1. Rounded to the nearest 0.05, what FRET efficiency do N91 and R182 give with R0 = 51 Å and r taken as the Cβ-Cβ distance? Could you check?
2. What is the Rg over Rh value, at two decimals, for the chain, using alpha-carbon atoms and the Kirkwood definition of Rh?
3. If you project the alpha carbons of segment 48-135 onto their three principal axes, what span does each projection cover, largest first, in Å?
4. Could you work out how much longer the chain between D30 and Y191 gets when fully extended? Use 0.36 nm per residue separation minus the Cα distance between them, nm to one decimal.
5. Pairs K37/K193; K46/K193; K60/K278: which are spaced more than 32 Å apart, C-alpha to C-alpha?
6. Which distance in nm do the two modelled labels at K37 and S168 give, with both placed 7 Å along the Cα-to-Cβ direction?
7. Under the Kirkwood approximation applied to all pairs of distinct alpha-carbon atoms, what is the hydrodynamic radius of segment 213-260 in Å?
8. Springs between alpha-carbon atoms under 10 Å, Gaussian network over the chain: tell me which of A183, A221, A207 tops the mean-square fluctuations.
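Computed from the coordinates by the stated procedures, all read-outs in this text should not be read as laboratory data. Note that this is a predicted model, so its numbers are computed, not measured. Here the Cβ is made from the backbone with ideal geometry for all residues, glycine too, and neighbour counts use every protein chain on show.
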Amino acid sequence: MKKFIIIITVMMLIVVGGIFLIRGKRENTDVTKERTKVGFLLNGSKDDMNYSQSHYEGLKKTAEALNLSVLYRENVPETEDCGKTIEALINEGCEIVIANSFGFGEWMLQAAQKHPEIYFFHATGVNNLDNLATYFGRIYQIRYLSGIVAGLQTETNKIGYVAAFPISEVNRGLNAFALGVRAVNPDATIYVKWSDSWVDDEENAGATKELLDAYDIDVLAAHMDSLKPFAEAETRGVWTIGYNMDNSEEFPHTYLTAPVWHWEEFYEQQILECLQGKFQGKHY
């Protein structure tokens, strides 16, 4: 009987706590009565079945929850045109500007310095100001788990990894993947090939072909915003580990798993804080 009473008490506390959380959220979302314009720079397309689409879908869910009007700019080059695109979004009334690629950093910093009244979010960025925050997820933790999958799957003990650029975002994921492999298969070797592009299909396909031609690789992982490495691997019967989104239906014969993003978990919380005037220019 005593145990039953304790269980009932705990359940009541959970229910009451949940009510307060819901009530608190409703009070906090009063700021969403007016529609807010948000500008979003994507280095790829919003339907690329990859990194940019993961951001697009996350912000789309956030827009529905917080009454946002989002102006998307796709395939934005990492050149001075990026700065022009940011200025155009601000001129169109955007109060928040988000950019999803490391290469946008210089122009995001310049814009934040010029427009202290605008909130800026830069994914994978390194610069912070009072109105500029940077953010990224602990994807290396999931990369470690995917490394375990690769280490257990390989029969040749030769694993490939095609990646865009040797920057910190990519390196820590690669290192975590390697640690995962090593944890279950210390005899395996990982061969890395840099494609020098996030989105160029030809460059990423070429890097994959060179890697698979050079070694007896039977499991391939990748870190870029192109599906061409997985397509090339599928034609050769090489197992693959994806990234950003689940594309197992596209490559049903070789696709093992993938670390995937749910960006709405970040965007909804942080944009709500912007609307409440609680923005913090720090690294998340």
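1. Details: r = 51 Å, r/R0 = 1.01.
The calculated FRET efficiency here is 0.50.
2. On the way: Rg = 21.7 Å, Rh = 20.6 Å.
So for the chain, dividing Rg by the Kirkwood Rh gives 1.05.
3. Dimensions of segment 48-135 along the principal axes of its Cα atoms: 30, 25, 22 Å.
4. On the way: separation 161, 0.36 × 161 = 57.96 nm, distance 5.24 nm.
Once the chain is fully extended between D30 and Y191, it gains 52.7 nm.
5. Values: K37/K193 40 Å; K46/K193 26 Å; K60/K278 22 Å.
Beyond 32 Å: K37/K193.
6. So the two model labels end up 3.4 nm from each other.
7. On the way: mean 1/r = 0.0944 Å⁻¹.
Averaging 1/r across every pair of different Cα atoms and inverting gives 10.6 Å.
8. Sorting by GNM fluctuation, first place goes to A183.
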